[in-house]
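To start, the structure itself, in structure tokens.
Bear in mind these aren't lab numbers, they're just calculated from the coordinates by the rules spelled out. What you are looking at is a predicted structure, and each value in this text was computed from that prediction instead of being measured. Virtual Cβ from ideal backbone geometry, glycine too; neighbours counted across all protein chains shown.
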């Protein structure tokens with residue numbers, strides 16, 4: 001048995017030895033995802049899609065609670081429409097997949113598969129928005145998008161991915177700004193309270209902002225290898241798209257004005273994030289709120305009288321209490337089941353055997369820290385719900401402590417270089433593009449964000465070029 | 001006021017005068033949908049998408065209850081992969097949109113935007129299915145698909161549409177057949193119990209079956225103009241796709257065998273169906289279970305003391321009771337609000353004014369038959385829930401009675417021709433393709449299905465060609 005367990009686990013590379021291989025092993029061996037025959041496109045298997053469904057469910061409720069409604073806009077965007085906002089085109093044209101034929105006919109105009117939908121949605125908003133009474137427009141879309149990527153990794157960067165994109169129109173710049181900040185706040189609350197991932201929110205540099213935005217806000221998380229993952233962004237588009245797509249409204253004062261638009265998005269990339277933040281050498285560690293299976297019931301010596309019946313009874317009791325629970329009554333050995341359950345990151349395992357039944361207890365095993373406790377069968381659902389809360393909190397605190405331990409404050413470039421090798425660096429920066437490019441060329445690190453709510457001043461000068469610096473920037477290597 | 005109401009309503013064509021224009025007026029004026037800049041592609045606006053979300057919610061629960069899990073497969077299918085099943089290619093190639101460029105590079109192989117996903121899913125199943133232990137595979141996908149259509153109508157036929165497609169693999173033909181029938185049963189139960197649409201289920205002719213299927217089952221509904229709408233189909237694919245995509249498994253007896261696959265789908269087309277089955281000259285009539293707003297609260301003389309407060313209180317009471325409710329406290333006149341509410345097909349309107357408050361009652365107005373009743377404010381949510389059930393049942397019965405009154409049994413071709421002019425015809429048919437084509441050419445009617453569970457024999461000979469006939473076929477003009 002011991003040998004079998006060992007074999008089972010050694011299929012996964014160790015994080016400390018090869019983090020990238022560990023990631024690939026985990027996502028493939030846990031049936032989260034698979035490669036397809038289409039270059040750069042992934043298949044999201046039921047276990048991975050189950051996580052996405054829970055993410056959608058949680059986020060969608062938050063979007064609706066903040067007044068947004070879902071809609072659906074076309075997949076294809078005529079080239080001429082895509083080309084109307086100059087900066088946007090420059091940013092997205094290189095990675096667009098083009099439809100040039102419909103049936104046997106060559107199309108008169110190429111159609112882009114949406115890389116994002118500001119352009120097609122802008123053209124509709126132009127039609128729908130007439131008066132200040134029509135504002136604000138608050139919509140969201142759940143859909144697939146496509147960006148023709150050269151090198152891809154499942155969830156993190158694929159040519160096609162699933163996401164949500166919010167698109168709003170407002171009467172004033174202030175309202176647009178408020179919306180941009182509000183939705184980033186929704187993202188942060190979601191990341192922390194649902195995914196158990198601590199995030200740093202702040203503003204992107206001019207280079208890293210969304211193509212066509214006035215400015216972009218982001219939430220950045222630290223993966224276990226110290227690299228950053230951008231988990232979601234929110235853009236104040238000012239009047240840029242309103243002017244390109246003619247979104248005007250008759251204001252209260254009788255004047256025709258351009259609207260102010262925002263957009264904000266998160267994607268299946270977040271699944272890559274939660275894997276790389278919480279996983280360990282045994283495999284996935286899923287945060288309870290997005291775990292497709294929260295509890296696995298494993299009968300011990302299930303051929304013995306009464307075991308299977310009791311396990312089944314518990315399974316239904318937990319299910320009826322609203323837990324996502326599975327009963328593994330297969331012929332596999334208990335050890336094998338334990339390993340599988342751990343690899344798949346199921347938050348709580350319930351073991352029940354003849355001795356437990358005698359005592360009226362079960363064994364509960366937490367996935368996050370492998371802690372084993374005996375618990376009475378009575379009120380088991382409540383016990384487990386409390387345990388799931390604990391696990392969520394522990395995962396969050398653990399990730400936060402790990403992240404905070406890997407943030408370096410640098411006032412000299414030697415410290416900076418060491419810091420970005422396995423972590424985030426806080427440093428003063430001049431704000432100039434040439435300096436940003438040079439830092440990236442020398443260290444591989446990019447500007448992640450100018451964090452909100454902090455006015456730390458580590459020095460008067462840029463950590464790299466020595467020119468005057470006013471803002472603190474977070475730098476890191478990133479996915 | 002009377003004049004304003006009149007104006008408001010006359011924007012919609014009458015069904016009896018121009019059913020097609022009525023449909024277009026209704027979907028555009030109720031903000032269900034809009035045309036886009038992309039040929040043949042629609043924008044589903046929040047009110048229409050709200051119906052789709054409710055449809056998804058109801059169907060998804062049924063798929064999961066029958067053991068299916070959701071997954072996501074790539075949008076793009078390499079041409080060589082699409083081409084492996086000969087009959088399938090022939091059926092779908094003429095209406096495929098082709099991606100030929102990624103960024104600035106011409107692709108080495110054209111990629112089809114999925115018209116349906118048997119091919120790409122088959123290629124993955126080939127990899128995933130190894131042993132009889134892996135069977136059955138029961139998956140479903142919610143996604144967009146594209147079929148390059150020449151003439152399009154929102155919801156009914158568009159180049160891009162949203163749908164679900166189930167794809168399963170089984171060890172035996174019997175199990176595949178069982179699944180095919182089971183899922184058509186799920187569709188029928190859904191159509192009747194959720195959409196309040198009576199459907200006839202049965203088998204398609206060889207001509208009308210899915211390209212590549214052994215046979216196709218369908219559910220057909222009658223629209224108010226007597227035309228048929230195919231609302232969902234379920235295909236037993238036999239071993240056709242298993243052989244083309246190499247889906248094999250090692251059976252219990254040690255032999256390597258091809259699996260048997262099925263697929264089944266329904267789409268946003270169902271929204272077109274429920275509009276054309278239930279709508280009337282005032283606009284939409286939404287079946288309560290998929291109405292984004294089930295109850296509209298309209299305060300009467302809302303400037304009078306206490307009215308707005310009481311309306312608001314009722315609104316929250318209904319909302320907390322789980323009803324989908326809206327309060328219209330805008331400055332529009334009550335008459336205008338009533339019309340809008342009727343046009344949008346909201347099942348129940350609650351009117352509350354000073355007199356009602358005195359008496360502790362409200363006025364309830366049903367959308368389906370405009371019946372007005374007084375109801376006590378106490379337990380209003382329960383009263384309305386019962387009313388919504390009544391409305392659902394009435395809509396179903398009304399649609400069924402209308403349909404049944406427009407089904408003609410024909411044993412001669414004159415009766416047949418009259419019958420398909422505004423209804424369905426039941427007739428005996430020879431089963432030959434040339435006859436099917438001739439009937440279509442002469443009358444515009446197509447074979448809809450050989451209905452399940454009926455063994456009516458109207459005659460020994462085909463209604464059109466006089467050759468021997470064994471099966472009853474339903475014919476109709478169709479969308």
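Any idea what angle helix A:269-278 forms with the longest principal axis of chain A, computed on alpha-carbon atoms, 0 to 90 degrees, nearest 10?
Result, in degrees: 50.
Going by how many other beta carbons lie within 10 Å of each one, how would you line up A:455, B:167, fewest first?
Placing the least packed residue first, the sequence is A:455, B:167.
If the viscosity is 1.306 mPa s and the temperature 10 °C, what translational diffusion coefficient in µm²/s does Stokes-Einstein give for the range A:65-161 when Rh comes from Kirkwood over Cα pairs?
Estimated diffusion coefficient is 105 µm²/s.
Once you keep just the Cα pairs under 8 angstrom separated by 6 or more residues, what percentage relative contact order results for the range A:406-476?
Relative contact order, the range A:406-476: 40 percent.
How well do other chains shield peptide B:42-49, expressed as the mean number of their Cβ atoms within 10 Å of each residue Cβ?
For this peptide, the per-residue mean of nearby foreign Cβ atoms is 6.
For the residues A:117, A:80, B:234, what sequence is obtained by ranking on other C-beta atoms within 10 Å, fewest first?
Listing A:117, A:80, B:234 from fewest to most nearby Cβ atoms yields A:80, A:117, B:234.
Which distances, in nm and shortest first, link the residue B:332 label point to the same label point in every other copy, taking 7 Å along Cα→Cβ?
5.7
Compute for the range B:293-389: radius of gyration divided by Kirkwood radius, i.e. Rg/Rh, restricted to C-alpha atoms, rounded to two decimals.
Radius of gyration relative to Kirkwood radius: 0.92.
Quantify how much of the Cα-Cα distance distribution of the range A:13-278 extends past 31 Å, in percent.
The answer is 28 percent, as a whole percent.
Kindly rank A:100-110, A:42-52, A:242-252 from highest to lowest mean number of other beta carbons found within 10 Å of each residue.
Packing order, densest peptide first, comes out as A:42-52, A:242-252, A:100-110.
What is the average number of partner chain Cβ atoms found within 10 Å of a Cβ in A:135-146?
2
Grab every C-alpha pair in the range B:435-479, bin the distances at 5 angstrom width from 0 up to the longest one, and report whole percents.
5, 22, 27, 26, 16, 4, 0
How many Å³ per residue does the convex hull of the Cα positions in the range A:220-292 occupy?
Taking only Cα atoms, the range A:220-292 has a hull volume of 136 Å³ per residue.
Express in % the proportion of alpha carbon pairs of the range A:176-284 at distances exceeding 24 Å.
36
Compute the long axis of helix B:173-193 from its Cα atoms, compare it with the longest principal axis of the Cα atoms of chain B, and write down the angle in degrees, 0 to 90, nearest 10.
Around 10 degrees separate the two axes.
Using a label position 7 Å from Cα in the Cα→Cβ direction, what is the ascending list of nm distances from residue A:254 to the same site in the other copies?
Between copies, matching label points for residue A:254 lie 9.4 nm apart.
Across peptide A:93-101, how many C-beta atoms of other chains are within 10 Å of each residue C-beta, on average?
6
Residues of the range B:271-300 with backbone nitrogen within less than 16 Å of a virtual label 7 Å along the Cα-to-Cβ line of residue B:355, please, listed as ranges.
Answer for the range B:271-300: B:299-300.
Gain in length, residue B:84 to residue B:66, computed as 0.36 nm per residue apart minus the alpha-carbon separation, to one decimal in nm?
Gain on extension, residue B:84 to residue B:66, equals 3.4 nm.
Hey, rough spin-label estimate for residue A:329 and residue B:405, points 7 angstrom out along Cα→Cβ, what's it come to in nanometres?
Those two pseudo-labels are separated by 5.3 nm.
Relative to the longest principal Cα axis of chain A, at what angle does helix A:118-128 sit, 0 to 90 degrees, rounded to 10?
Relative to chain A, helix A:118-128 is tipped by roughly 70 degrees.
Relative contact order (percent) for the range B:134-238, with alpha-carbon contacts under 8 angstrom and 6 or more residues of separation?
This gives 20 percent for the range B:134-238.
Taking a cut-off of 20 Å, what percent of all Cα-Cα pairs in the range B:341-401 are separated by more than that?
In whole percent, the share of Cα-Cα pairs in the range B:341-401 beyond 20 Å is 29.
Bin all alpha-carbon pair distances of the range B:377-479 at 10 Å intervals from 0 and give each bin's fraction as a whole percent.
15, 38, 20, 11, 9, 5, 1
Ordered shortest first, which distances in nm separate the 7 Å Cα→C-beta label point of residue B:207 from those of the other copies?
The answer, with the shortest distance listed first, is 6.5 nm.
For Cα pairs less than 8 Å apart in space and 6+ apart in sequence, what is the mean separation divided by the residue count of the range B:15-278, i.e. the relative contact order in percent?
Relative contact order here is 20 percent.
Please state, rounded to one decimal and in Å, the Kirkwood hydrodynamic radius that chain B gives when every pair of distinct Cα atoms enters the mean of 1/r.
The answer is 24.5 Å.
Could you tell me what fraction of 2.2 N^0.38 Å the Cα radius of gyration of the range B:1-127 comes to, as a two-decimal ratio?
The reported ratio for this selection is 1.54.
Please rank B:452, B:424, fewest neighbouring Cβ atoms within 10 Å first, as an exposure proxy.
Going from sparsest to densest Cβ surroundings: B:452, B:424.
So if the hydrodynamic radius of the range A:59-111 is defined as the Kirkwood radius over C-alpha pairs, what does Stokes-Einstein give as its diffusion coefficient at 4 °C and 1.567 mPa s, in µm² per second?
94
Return the Rg/Rh value of the protein assembly as shown, two decimal places, where both radii are evaluated on C-alpha atoms and Rh is the Kirkwood radius.
Looking at the protein assembly as shown, the ratio lands at 0.98.
Could you work out [θ]222 nm for the protein assembly as shown from helices alone, using -39500 (n - 2.57) per DSSP H run of at least four and dividing by all its residues? Round to the nearest 500 deg cm²/dmol.
Mean residue ellipticity, 222 nm, calculated: -11000 deg cm²/dmol.
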